[in-house]
Amino acid sequence: MKRENSNNSQSEEVSLLVKEFEKEGLKLNSKRVSLSTHNSLSNTPLVTSPIPERPLQQQIQQQLYQHNNNNIHSKISLDESFDNNKSIDTEDYYDDADEEDDDDGFDYQRRSLMSSSGIAPQSSPFLVGYALEDMNKDDELALIPTYLIPLHPCADYQSLSLLLHYFKHSSFCPDHLKAQHHHIKDETHLSEIISFKLKLSESFTQCIYSFLKENPNFLSNLSISLDQFIWIIYFVIEYYHNTIDQNSNNPSSAIFKRSKTASIDPNSLLNNNNNNNNNNSNSNNRSTLNVSSLSYYEIFSGFVSIQTPFTSNKEDDAKTILETNSSKGSSSSDQLDNSNYQDISVLYLQYSNYLESFFKWILLLLDCKSMDNQKIKTCLFKSYNFVKVASIVDTKLAHISFKGFLPLPHYLMRSNLFMPSKSKSYSVNFKDKNIFIGSLENESKQSINELVAVLKNRLFKGSPIYLDNIEIITMHEYQVRVKRVLSSNQTKSITKNIRTSLLNEEFDEDYDLYNNEELLLFYGYALEDFDFLPYQIQVYRPADQLEKVFGADQDELKREINLMKIKMSIIKKYLGSVEQQRPSIKSSNSFFKSNVDNEDIGKGKVNKNGYYLDGLTREKKFGINLLELARISKLREGESYFYEEGQCSTMINYRNEMETLVYLSKEFKVVQDKINDKLKLISLSLNILGGGNNSGFITELERYYKSHQSIIEQSLLELSTLKNNFTKPTVKSVPFVKPTDEVYRRFENWLKNNGVVFPKLQIANFTDSTGRGVVTTKKVDENETVISVPKNLLINVDVARAHPVLGPIFADLHFNDDTILFLFVIYEKENQNSFWRPFYDTLPSYFTTSLHYTATELMELEGTNLFDETLQTKQQLQSFRDYLFPELSIQFPDIFPESTFSWENFLWARSLLDSRAIQLKIDGVIKSNLVPMADMINHHTHAQISSRLFDQESNCFKMVSSCSIPANNQIYLHYGALQNWELALYYGFIIPNNVYDSLHIGFDLNNQEEEQEGQLKEGDEQDKQQTPISKEEMSLLQMEKLQLLSNNHLSPDSHFLCKDHIPSKIFATLRVILLPPKEFNPFIDIWNPINRLNEESVFQTLYSLVLMLLKQFSTTYQEDQQLLDPLLERIYGGNSLTKSTSTQSLKNNDEVDDQDSKKEDDQDDDDEEEDNDIQNSEQMIMVLQYRIEQKQILTCTIERILEIMKEMDFQIPESPSDFSDYDEEEDDDDEYYSDTNDDDDNNSQ
C-alpha cells in the first residue's frame, strides 16, 4: 500500500531546519546513520499485525538466519552494499522491494525483525533514520550542543529561570516574594539571589501542587507524568516568551533569549550577559529558519510531522466532527464517562475538557491579557500531543534523568504500536517541598556544553532507528562508556557479539497495543485490521444514584442498595474466577484509565459509577464479558437468591435472558445511530466542503467509523438471531376464530375511532383451549410497534383527578394516587354512560385469583406461601375498605353508595388492577395504567413482546416486538419471573413446572443456639473440665454469626427451595448456624464445607425440615392427583395441553364465558348455578395444582439431599424423629416419600 507523500514545502522546511542545526553545531554521524526523508517512507508497507506468534527464540534465530543468507534480499543486497560503503537510494530500493514482495516475501518483516523493535516492540512509531552498518549499544548517532535542545526545568537552571520569571509576575506569586524581588540588584550577592530563587521555586512548586489538588486525577486523566506536565508548561511559556512577549517591548524578556555559548551559566543570566551570538553576523531571517529565532515548540512542529486534532492550528472540520456530541446532551465529564459508546469523540472531548482547565491556569500564570490567547491554546494542545506521543527521548545528565528533545526529523511509520502493559504511576508526592531543587543544585556545577545521542540497544545494518532506540547522554558519560567497551578486550566481531547477546538476552514480552482511538488522536491514523468498538455498560447503579431515584421510599431504597451489593459480589466473583480471555487487540492503559482503573479491556474492574468497559470485535461480537455482565445487571431481587456462581455464562432464567438481549439491542441501536450521524458529517466534510484543512485525518476518521459501523451491524445481527431462537417455542400457526360478539365489534370500533393503532393484530378466540388472546394477521418485523394507544385512552390517576364528578371530591379529600384510581375504577364499572364503557364490557365479571377462593378452598392451602399471602392481602383490603366506608357513603350517598362499593367490587377492582395495570413513566412520574387492547395479550416464558413504554414524543403507549413474528401466530407478553403463588394471587392461573416457583423456608438462629447450649451443658456433666458458655458469650456469638451472614448477603429467616436444585445459600447459612462456638471464625469460608461433622449436620437438619414440611399437608401427592384428574376431565374434557402447558387458559376461558353470560339477558337460574359451579371447579383445580407443585419441590429436595449424602458417605436418616425435636407419632414415612417416585412418573408422561 502506497503512502501519501508530504507536501514539498514541508519537506523543504524540514531540510532547512536540519541545515540550520548543522550550522549551529549539530554533528550527525552520517557515515553510520542515514536520516529518513519523507520520500524514503513513501512506499513503506503497512504493518497490521502484532508481534509474530512464534516464540521469541525462534524469532531471533530466524533473524540471524536471514542476516547470514542473502537469498531473501531483493535486487540490491543490503549486506553487499553496506560492506562496500555504497550509498543506496532508499526510495528506489523499497520500490524494488514492493515489486517483488509477493515472490521473495520481502516486506516490513525484514526491516522489523532486523531491528530491536522486532524483538522488544517499539513504544513509538517515529522513525529517525536507518543504520548504515551493524551498530552496538552506546554507539553515537550525533553530537548536540546543549543550547540546541531544551533541558528540563527540573534539571536546567536556565529553563527554570524562564518559568520563575513569569511566575513571580503572576497572581500566584506571594506578595512578600514580589517585594523581595524588587530589592534584588545587579550587585546583590549570589547567595542571596540563590536563596531567593530557592524560595521562589518552592512557591512555584506549591502553585503546581495547588492546581493538581484542585483537579484530582488530572495527570492520570491525561496520561502524563509530573515531568511531562512541567514540560508542557515550559514549552508554552517559552513559545509565549519568544513569539508574543518579545513583541510587547518587555525590557526583561531579552535576558532569556537562547544563547549558543553561554550554556547554562546562571551568572550570565543574572548579569544580563546576553551573548551576541543571538544576533550573529549571518543575520538569518525567518525565511531561512534561523534556529535561534524559533521557540522549541516551533521546532517541534517542524520536525514532528503529524496531523491530529490536537495539532490543528485552528478550528477545522475534524474538530467540528469530534466535538459534535451525538448524544444530544452536554459533554460534561460525567456524561462522557457514562456514555456507553466510548469512541474517539468521547476520548477527545475528555482530553479537551482537562486541557481547557489547564489552559485557564496557564493564562493566569502568564498574566496574559493579549489577544493572542488562541495561539497559546494551540501551543498547549500541540505541546501535549508532542509530549504524549514521546517525541522526546531519554536524557541522562550527571545529576538527573528526564525526557529530552532530539533535534532530528521524526517521521511516522504506520504500524502497530506497543507499550509496556504495566500501568504507569501518575501519582504525585506532594511531600516534595521543591521539585526544582536539581536545577538549583546544578547551578554551582560545571556547565555541560555538549551531549551525545547514542543507541540504547544493538541494531543490524538497514534497521530503522526509532526514537525509542535512542538516549541522550553527556559527553563525559559517553567517554566513560567508550573506555569501558575498549577495556573489555573484545576479540570477536561486533556482529558475532550482537548475535550472542541476542540469544542470551531476556526480553519482556508482556506488551499491550495502543488502540485505534489513541492512534487517531495522537498519531493521526488508524489500522483497518486492528479495530474494536469500545463499549461499556452499567452493571449496577451506585448508592448515590439510587438515593436520587428511591430517596422518598426508604424501604425500596434499602432493597435496591442490598441488590446493588449482591450484584457487586457476583461480579467480583465472576471476574475473579472466570478464565480471562484477552481480545485479539489489547488496549493501552491510558485510554481506559478513567473507566476501568488501568485494567485491560474485557479484563477490567467496574468503576465507581458501576460501569464496565469492554470491546466489540468482528470475532467477539459481545466482547469478552459484556453479555455475561449484562445478564447480571438485569438481575432482580427475587432472582438474585437463586443465582449460582458462573450461571451468567449460559442463562440465568428466561425473563432475564430476554430482557438482556432486548437491552443490548436497544443500546447497540443507539450506538449505530451515533456512528451513522458521524459518517454523515464526515461525508459532508469530504464531499461538499472539501475536507477542510485536515482532509487526511478526516479520511482516517471515516475509515475508523466505517469499521465500527461494520462491527455494530454484525453484533446487532447476532442479537437478532439470539432473540429469534429464544422465541422459537411461540412460533407456530394456531387455529383461531374472530370474535363475532357485538361487544368485541363495538370495542374494536371504539379503539380505532380514538386513535389506537394495531394494523397487524387481531383479537382472537383460540380453539386449542387457550381462550382469548391476540394473533398476528401479517408478519411483524423486529423492533416494530405492534400496538399504539393514545394517552387519552389510558386509565390512570390523572384521568380520575380530571373527572367532572369525582375530581373535586378527590381534591378535597387529599387521597393518595392508589386510592383515587381504585375508587375511580369501581365508579366507572357501574357507570353505563362511561367513555370507557366499550372497554369495561370486555372485562370479566369475576376473576379466578386466590382472593376469590372460598374458605374451604383456602384452607386446603394452609401452610403454603399462597395461603399466607392471600390472607394478608384480603386483610389489608378489608382494612382499606373499612377506612373509606361507610364514611364516604354518608358524605356522598349518591356518588359512593355502599351497594356499588361493595366487598365483591373491592375484590374485583383489586384483581383487575393486579392483573392488568401497567406501570408507565409519564411526564417523569411512574403511574399505574389500564391500557385497553394491551391487556388482551397472554403470558409466555418465551414472549415476543418485551418492550412496554410510554413514548413522550408521540404521547402514546407503545408495545414493540423484540423479534420477527410470522403471521397467524399468537403474540405473548412475559408477566415477570413470578412464582405460582404470585400468579394465583395476582393473575388467577398456575403454571405447571414453573421454573420460577419456590417454597419459602427459614431457620431460627435462637433455637439453634439454645440447642447447642443445652448440648454443652450436658457435656459438662460428663467432662468437668469443659468451660460452660455464658448467656452473654452466646449472645455475642449469635451477633457474630448474624454479621457473618450479613457480610455474605444472607439472613437466617429468608430462604427458598426450588425444584431443579438446592440453592447454595441454604447450605452456607446452615453451616454458620450449626457451627459450634469453639469452631466459629468470622473469616471462615461458608460457601464450601467447613468440616465433615458440620456438613453432615447441615444435610441432616435440612432433611428433617423438608420432611416435616411435607408431612404438614393433609393429603398425599397421589390423593391430590386423584382429585385433580376428574375435574380436568369435567371442565376441559381431559385435554392434555391444559395439564402440561399453562392454566392461563383458565383465566381466558373465564373471561370469554363471562362475556357470553353478560350479553344474555334471558339466562335462567340453572345456567347461573352452572357458571358458578364451573368457577368453583376451576379454582379447586388451581388449589390442587398448586399443592402438587409445592410437594414436588419438597420431594425433589429430599431426593437430592439423599443423593448427596450417599455420595459423601453420610449416615442416611431413617426417621425424622432421629434428627429433630418434633414430637410426632411414628407415621409411615414411605407414604410421603413415595411422592418422589410418583412425581417422577408423572413428569415422565
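We did not get these values from a lab; they are worked out from the coordinates using the rules stated. Computed from a predicted model, the values in this text were never measured in an experiment. Cβ atoms come from the backbone with ideal geometry, glycine included; neighbour counts cover every protein chain shown.
Some points to look at:
- Cβ crowding within 10 Å averaged over residues, with 741-749, 460-468 ranked highest first: 460-468, 741-749
- Spacing of the two label points (7 Å from each Cα toward its C-beta) at D868 and V731, in nm: 4.3 nm
- Total formal charge among the other residues, if their Cβ is under 14 angstrom from that of F901, Lys/Arg +1 and Asp/Glu -1: -4
- Within the shell of other residues whose beta carbon sits under 13 angstrom from the beta carbon of L717, the net charge comes to +1, with Lys and Arg scored +1 and Asp and Glu -1.
- Using a cut-off of 30 Å between Cα atoms, the listed pairs K388/K483; K567/K669; K558/K1065; K634/K921 include K388/K483 as exceeding that distance.
- FRET efficiency for the pair N831 and S902, taken as 1/(1 + (r/R0)^6) with r the Cβ-Cβ distance and R0 = 25 Å, rounds to 0.95.
- FRET efficiency, 1/(1 + (r/R0)^6) with R0 60 Å, evaluated for F892 and K779 via beta carbons: 0.70
- Sorting 786-797, 919-930 by average packing, meaning the other beta carbons within 10 Å per residue, from highest down gives 786-797, 919-930.
- Taken along its principal axes, the alpha carbon cloud of segment 642-728 reaches lengths of 59, 27, 14 Å, longest axis first.
- Applying 0.36 nm per residue to the separation of E742 and I1212 and subtracting their alpha-carbon distance, the gain on full extension is 162.6 nm.
- Pair R484, Q1118: separation of 7 Å Cα→Cβ label points (nm): 9.3 nm
- Local electrostatic count, L681, Cβ distance below 12 Å [Lys/Arg +1, Asp/Glu -1]: 0
- You can think of it this way: the chain between I193 and A855 has 228.3 nm of extra reach, that is 0.36 nm per residue less the Cα-Cα gap.
- Stretched out straight at 0.36 nm per residue, the stretch from K1111 to N993 would grow longer than its current Cα-Cα span by 40.3 nm.
- Relative packing of peptides 350-362, 1183-1195, 1079-1091 - highest average C-beta neighbours within 10 Å first: 1183-1195, 350-362, 1079-1091
- Per-pair calculated FRET efficiency, R0 = 22 Å: T721 and H1049 via Cβ, rounded to 0.05: 0.05
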